[in-house]
Amino acid sequence: MKTQYYTSSSLDGFLATEDDSLEWLFPLGDINDTSYPSFIKGVGAIAMGSSTYEWILRNAGTVSEQTGTAWPYTQPTWVFTSRKLPAIEGANVTFANGDVRAAHSQMLAAANGRNVWIMGGGGLAAQFHDVGLLDEITVQIGSATLGAGKPLFPRRLLSPRLALISATQVGTGFAELTYRVLKDRR
């Protein structure tokens, strides 16, 4: 059972444009060619930032068109937000705020032996890292640069270090890198 930050990034380290658009990502490849189909089978709970959740709300039509539903996840999901957001009908969503540790305990219980996915964004993944709860980072580096936007991981990671455990080419649009987060031994 791991807590994993699984995401995509531009070559210059941005998840989304400054206005939270992911449109740059879709022409680069097919998600079914990546590790995502096997990854999602191992996910028992999801942590999501409010910007990611709001992107799903704003793009419900596109999400429905691509997945068959406005909420494509069967796993219980915790959305971290400091403001009130609308619920999506049929989604198993819990809104959370504050320290991620309390919600993480709930997510582990709900995951029932499966992994916890830190879906995004980078700031949320960094909060899990800051309290020692992040075990692994998988990032699909896209063959695009944005110049500015939402950063992949807004922290300096010098210690604990990251250990590369796999690198895979995905078509001509992505390189998929997986790192284990090496924890401090105190």
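The Cα atoms of the stretch 77-146 define a convex hull whose projected area, averaged across directions, is 6.5 nm². The mean sequence separation of alpha-carbon pairs under 8 Å and at least six residues apart, normalised by the residue count of the chain, gives a relative contact order of 34 percent.
Using the heavy atoms of the protein chains and a 1.4 angstrom probe, tell me the accessible area per residue for the stretch 1-106 in square angstrom. If you can, show how the numbers build up before the last one.
Values: 5500 Å² over 106 residues.
Here the per-residue accessible area is 52 Å².
Rolling a 1.4 Å probe across all protein chains gives residue 71 an accessible area of roughly 10 Å².
So what is the orientation-averaged projected area of the stretch 90-185, using the convex hull of its C-alpha atoms, in nm²? Don't skip to the answer; put the middle values down first.
Details: hull surface 34.3 nm².
Hull-based average projected area comes out at 8.6 nm².
Note on the stretch 14-114: Kirkwood radius taken over Cα pairs, Stokes-Einstein applied at 25 °C and 0.890 mPa s, translational D equal to 164 µm² s⁻¹. Label separation (residue 183 vs residue 54): 3.4 nm, computed from points 7 Å beyond Cα along the C-beta direction.
For residue 101 and residue 65, a Förster radius of 35 Å and the Cβ-Cβ distance give a FRET efficiency of 0.40, rounded to the nearest 0.05.
The residue 21 and residue 167 beta-carbon pair, evaluated with R₀ = 30 Å, returns a calculated FRET efficiency of approximately 0.65.
Return one quarter of the surface area of the convex hull spanned by the alpha-carbon atoms of the chain, equal to its mean projected area, in nm². Spell out each step's value before the answer.
Values: hull surface 42.4 nm².
Mean projected area for the chain: 10.6 nm², to one decimal.
Within the assembled protein chains, the solvent-accessible surface assigned to residue 135 is about 50 Å², based on a 1.4 Å probe. Calculated [222 nm] ellipticity per residue, helices only, for the chain: -6500 deg cm²/dmol; basis is -39500 (n - 2.57) per DSSP H run with n ≥ 4, divided by all residues, nearest 500.
Expressed as a whole percentage, what fraction of the accessible surface of the stretch 1-84 belongs to carbon and sulfur atoms when a 1.4 Å probe is rolled over the protein heavy atoms?
Working: 2130 of 4120 Å².
Looking at the stretch 1-84 in its full context, I get 52 percent from C and S.
Across the stretch 59-102 the C-alpha pair distances fall into 5 Å bins from zero in the proportions 6, 20, 24, 22, 17, 8, 4, 0 percent.
When the dipole is taken about the Cα centre of the stretch 54-175, and only Lys, Arg (+1) and Asp, Glu (-1) are charged at their Cβ, what size is it in debye, to the nearest 20?
Working: 9 positive and 7 negative charges, 59 e Å.
Approximately 280 debye in magnitude.
Taking a straight Cα-Cα cut-off under 17 Å and skipping sequence neighbours fewer than 8 places away in the same chain, the lysines within cross-link reach of residue 41 are 2.
The values are calculated or read from the model by the stated rules, or taken from the named source; none is laboratory data. Since this is a predicted model, take the numbers as computed values, not measurements. Reconstructed Cβ throughout: ideal geometry from the backbone, glycine too, with neighbour counts over all protein chains shown. Quick note on the areas: whole protein, heavy atoms, side chains included, nothing else; ligands and nucleic acids left out. Shrake-Rupley method; radii C 1.70, N 1.55, O 1.52, S 1.80 Å.
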